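Quick note: the coordinates plus some simple rules give every number you see, no bench work behind them. None of the values given here were measured: they were computed from a predicted structure. Positions of Cβ are generated from backbone atoms using ideal geometry, with glycine treated the same way; all protein chains shown enter the neighbour counts.
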Amino acid sequence: MDFEVTRMMRAPPEAVASVMFDPDRDPEWIGGARSVERLSPEPLLPGARARRTGGFLGKKFSWVTEVLEHVPDRLLRMQFVEGPMSGEV
């Protein structure tokens with residue numbers, strides 16, 4: 001299944017990025033994420049990984065993402081490297 005979501009935020013990019021690009025804050029805005037474990041000391045460097053644990057539709061699971069690209073306050077591109085999902089986000 002492929003899908004794309006777009007949402008316009010009425011806030012400066014740096015304010016949005018301060019929440020969305022900080023893996024420790026994922027549970028604040030990702031409905032399925034309950035906890036995050038940083039697997040790399042610098043979470044925004046290419047190659048950095050983080051494990052999220054949570055669930056969806058009553059199923060509990062974890063997944064690991066790896067940073068592919070980061071442009072401060074503008075872009076964070078990651079790929080799923082472990083877990084039930086595949087692709088990029």
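With a cut-off of 10 Å between beta carbons, the residues surrounding G83 carry a summed charge of +1, where Lys and Arg count +1 and Asp and Glu -1. With K and R counted +1 and D and E -1, the other residues having a Cβ less than 14 Å from that of D26 yield a net charge of +2. For the chain, the relative contact order comes to 19 percent (Cα pairs under 8 Å, sequence separation of at least 6). For the chain, the Cβ-based charge dipole about the Cα centre amounts to some 320 debye (Lys, Arg positive; Asp, Glu negative; other atoms uncharged). Using only DSSP helix segments of four residues or longer, with each worth -39500 (n - 2.57), what per-residue ellipticity at 222 nm results for the chain after dividing by its residue count and rounding to 500? Calculated from helices alone, the mean residue ellipticity at 222 nm is -3000 deg cm²/dmol. Taking a sphere under 13 Å around the Cβ of F61 and counting the other residues whose Cβ falls inside, with K and R at +1 and D and E at -1, yields a net charge of +4. Note on the chain: Cα-Cα pairs beyond 20 Å make up 34% of the total pair count.
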